[in-house]
Amino acid sequence: MITYDEKEQIFHLSNKKISYLIQIEAGGIPAHLYFGKAIRHYHNHFRYPRTDRSFSPNPPLSTDRQFSFDTVMQEFPGNPGDYRTLSYELLHESGSKVSDFRYYGYKIEEGKPLLSGLPATYVKEPADAQTLTITLKDQLYDLYLDLSYTIFADQSVVARSNQLRNESNELVYISKLASLTLDFSSQALDLIHLHGTWSKERMLERERITAGIKLLDSKRGSSSHHQNPFAALAAPETTEKSGEVYGFSLVYSGNHQITVERDPYEQTRLIMGMNPHHFSWKLNRGEVFQSPEAIMVYSDQGLNGMSKSFHHLFQNHLVRGRYQYEERPILANNWEATFFDFNEEKVLAIAEEARNLGAELFVLDDGWYGHRDNDDSSLGDWVEYKKKLPEGLLGLSNKIHDMGMQFGLWVEPEMISEDSELFRQHPDWALHIPGRGKTIGRGQFVLDFSRKDVRDNIYQQLKQIFNKVPLEYVKWDMNRNMTEVYSVLLSAEQQGEVAHRYILGLYEFLEQLTTEFPDILFESCSGGGGRFDPGMLYYMPQVWASDNTDAVSRMQIQYSTSLVYPISTIGAHVAAVPNHQTGRITSLETRGNVAMSGVFGYELDLTHLSAEEKEVMKEQVHFYKEHRQLIQFGDYYRLKSPFDGNHASWMFVDSEKSHALVFYSRMMAEASSAFHVLKLTGLDSTKEYEVEGQVIGGDELMNIGMYIDTEMWGDYASKMIALKAVE
Ligand code: GLA
């Protein structure tokens, strides 16, 4: 998969789908040649053209006026003379911020090494991937940069990460070390990204790239509701079904930054990595700093093609553990049913109704510990609140299990309330700057997870519960962003490390916990989708996608989440109407159809249902169980965007293309409306399918399409259509 042409100094990474080409250019810098559809053999015709560009200096010690680091496409730029956004920035002991890294050597190995302390994609067999490491060395100090590239045998993916090794006698401070840089030659490109806020996560944005710099980031200490660590660059003509697109995703859950720069020669540079904001890392002699991993996907089959690659990669090479391929249980959660106001009797009544509907798992949400009656207290005190649960969690869990249901529990381990025993004992355990006030968020502070003693205390508390109480599921929440990012145990010159050390501490904690409790299904949550990123997916195979449970909002949130993340990762529940976040009223059918397009559950007071509602829910549960494998693990295609008009549609197809499920919704009803046609995708054009009592060819469904909303009535109407291939 990886070849090196020694004479021309060209690296070619390729499989049947893609090629990636790097050439060591004049002055020993790795220049970028190509990333895209597979090339059989590269004939070295695409060297960077030589032209004297005024005000673009030539590399140190070079007299070639026609070559400049300022204009050439590069793999990991940072040397003097490139005035574009750079991949790294180091502060040397001398006070200089200038580094000059040049080619030093390379290594090609089978498989893919693990990244120390960080989540990353993996392969089970060495033959499933090859990894190239290109080493650069600074011209003045014994500092080495290892640029790592993994190509997978069967994926349109290259995974990248970088290491800085300090083998000099001096200290060096890292102010920036990106995970990937990709330069594009002059061409029109659109930038696609997912921004938002709480309850409105991952809103899809598409815009033309013009001259200058566009910066997308999170400085919140988490990957955030506000900007997902994802971006794509697409040709302007690219649609869901066709055209070229490059997708980028960062396997990291903390502060991140994506910069997209169009230079004066119309070249585009994308850089993705940890956010340099307030970041600095002291690297002593003999130490190594590892950047998080970034994933690059290439598709010439539009956005659906890109998503398919991300889904397959994350499903098969990122998510781990028992639940990787296991169907996820249908759950009932008591949060929107009771909020903090519950007792054992109330939750048992809800669990019993859930069981009667056919749900499989009952999840007890926030409010079961300390003396938690609202969000002002008790975080950090992970002991049962006996007023609400007189027989404790064990008693409740036993009763839920006796009903024939699984039991799950909510926790928020990274937080501390001022009103808690933990805070009274250890006021310095919250992130804070001595002498300054602490910023409060949702009535709570953030625990300093960069500290091992803090993590150990919380670990022991959780472990005690998980050992005592039979549990099949845990929802891991994180309900505010970081401020006063300072750790009292670190020296002044290391304070820029705290945000990253926190995330490393969190990863270490999760690695230990998920290893010690391999049978617990973990669902990640951060006020809904505030930490929906590949880093968390390495430890927890599903995520509560948003606190917004309104079916119409959810169509947008889930649609755009699917750009990157597999359906098996997207938690989606039916909630009450009027909806708690929007006040909107939608039918139970539509709420069900939207929630069934993810990892399904209910989150409303099931003890107040009419007989008719119960019947509908029973049917939903039955329907979901019947199609669960297809929905959670099938191929997924977006058909109509809820961001573009009055319709939303997507579909699921199994690997044999013999079963499919189509979701369609029309938002606002219209008198005398047009007849809308829906063309399906991903089917087998040689097969016939049974659709709503009729036999129709796959070719007909994909090319002629079908009239879709002739019988729809009222606002926010929706339907699910099942397709089955006939022999
Ligand atoms: C967050 C979660 C919710 C719920 C509450 C409990 O907002 O996203 O689902 O668990 O916390 O406080």
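Just so you know, all these numbers are worked out from the coordinates, no wet-lab data involved. Keep in mind that this is a model prediction, so the values were computed, not measured. All Cβ positions, even for glycine, are placed from backbone atoms using ideal geometry, and neighbour counts span all protein chains on display.
Please give the helix 392-402 orientation as an angle from the longest Cα principal axis of the chain, in degrees from 0 to 90, rounded to the nearest 10.
70
Excluding residues on the same chain fewer than 8 positions from LYS724, give the lysines whose Cα lies under 23 Å from its Cα.
In chain and number order, the partners are LYS241, LYS308, LYS618, LYS625, LYS640, LYS657, LYS679, LYS687.
Helix-derived [θ] at 222 nm for the chain: sum -39500 (n - 2.57) over DSSP H runs of at least 4, divide by residue count, nearest 500? Write down the numbers at each step before the final one.
Working: 12 runs with 138 residues, N = 727.
Calculated mean residue ellipticity at 222 nm is -6000 deg cm²/dmol.
In terms of Cα to Cα distance under 16 Å, which lysines are near enough to LYS388, apart from those fewer than 8 places away along the same chain?
Partners within reach: LYS346, LYS399.
Which order do the peptides 90-98, 635-643 take when ranked by the mean count of other beta-carbon atoms within 10 Å per residue, highest first?
Order by mean packing, descending: 635-643, 90-98.
Using +1 on the beta carbon of Lys and Arg, -1 on that of Asp and Glu, and nothing else charged, what's the dipole of segment 647-726 about the Cα centre, debye to 20?
The dipole magnitude comes to about 120 debye.
What FRET efficiency, computed as 1/(1 + (r/R0)^6) with R0 = 41 Å and r the Cβ-Cβ distance, is obtained for ASN284 and GLU205, rounded to the nearest 0.05?
The calculated FRET efficiency here is 0.45.
Based only on Cα atoms, what mean projected area does the convex hull of segment 230-366 have, in nm²?
Spelled out: convex hull of the Cα atoms, projected over all directions, averaged, 15.4 nm².
Separation of segment 296-326 and segment 348-418 by C-alpha centroid, Å?
Distance between centres, Cα-based: 34 Å.
Compute the distance in nm between two label points, each set 7 Å from the Cα along the Cα-to-Cβ direction, one at SER655 and one at GLU727.
2.2
Over the Cα atoms of segment 464-530, compute the convex hull volume and normalise it per residue, giving Å³.
Per residue, the Cα convex hull of segment 464-530 comes to 114 Å³.
Let me make sure I get this right: for the chain, a, b and c are the square roots of the gyration tensor eigenvalues over alpha carbons, sorted descending. Under 1.5 in a/c it's rounded, otherwise prolate if a/b > b/c, else oblate. Which is it?
Judged from the Cα gyration tensor, the chain comes out oblate (a/c at least 1.5, b/c at or above a/b).
Quick one: if you take sqrt(5λ) for each eigenvalue of the C-alpha gyration tensor of segment 647-726, what semi-axes come out, biggest first, whole angstrom?
After diagonalising the Cα gyration tensor, the semi-axes are 24, 12, 10 Å.
Once the Cα atoms of helix 344-357 and of the chain are each reduced to a long axis, what angle between those two axes, in degrees from 0 to 90 to the nearest 10, is obtained?
90
So what's the angle, to the nearest 10 degrees on a 0 to 90 scale, between helix 452-468 and the longest Cα principal axis of the chain?
Between the helix axis and the principal axis of the chain, the angle is about 30 degrees.
Shape call for segment 170-287 from the C-alpha gyration tensor, a ≥ b ≥ c root eigenvalues: rounded (a/c under 1.5), prolate (a/b greater than b/c) or oblate? Show your work: numbers first, answer last.
Numbers: a/c = 2.45, a/b = 1.44, b/c = 1.70.
Taking the square roots of the gyration eigenvalues as a ≥ b ≥ c, segment 170-287 is oblate.
If you average the C-alpha positions of segment 670-727 and of segment 58-83 separately, how far apart do those two centres end up, in angstrom?
Measuring centre to centre over Cα atoms gives 56 Å.
How far, in nm, would the chain grow between ILE108 and ARG436 when pulled straight, counting 0.36 nm per residue and subtracting the alpha carbon separation?
That pair, ILE108 and ARG436, stretches by 113.0 nm at full extension.
Run down the aspartates and glutamates and flag those whose C-alpha is under 15 Å from the C-alpha of LYS614, throwing out any fewer than 8 positions away in its chain.
Partners within reach: GLU352, GLU353, GLU589, GLU603, ASP605.
Under a Cβ-Cβ cut-off of 15 Å, what is the net charge of the residues other than TYR48 that fall near it, where Lys and Arg count +1 and Asp and Glu count -1?
Net charge in that neighbourhood comes out at -4.
Would you check segment 66-203 for Lys pairs whose C-alpha atoms are within less than 29 Å, ignoring same-chain pairs closer than 8 in sequence, and give me the count?
Number of lysine pairs found: 10.
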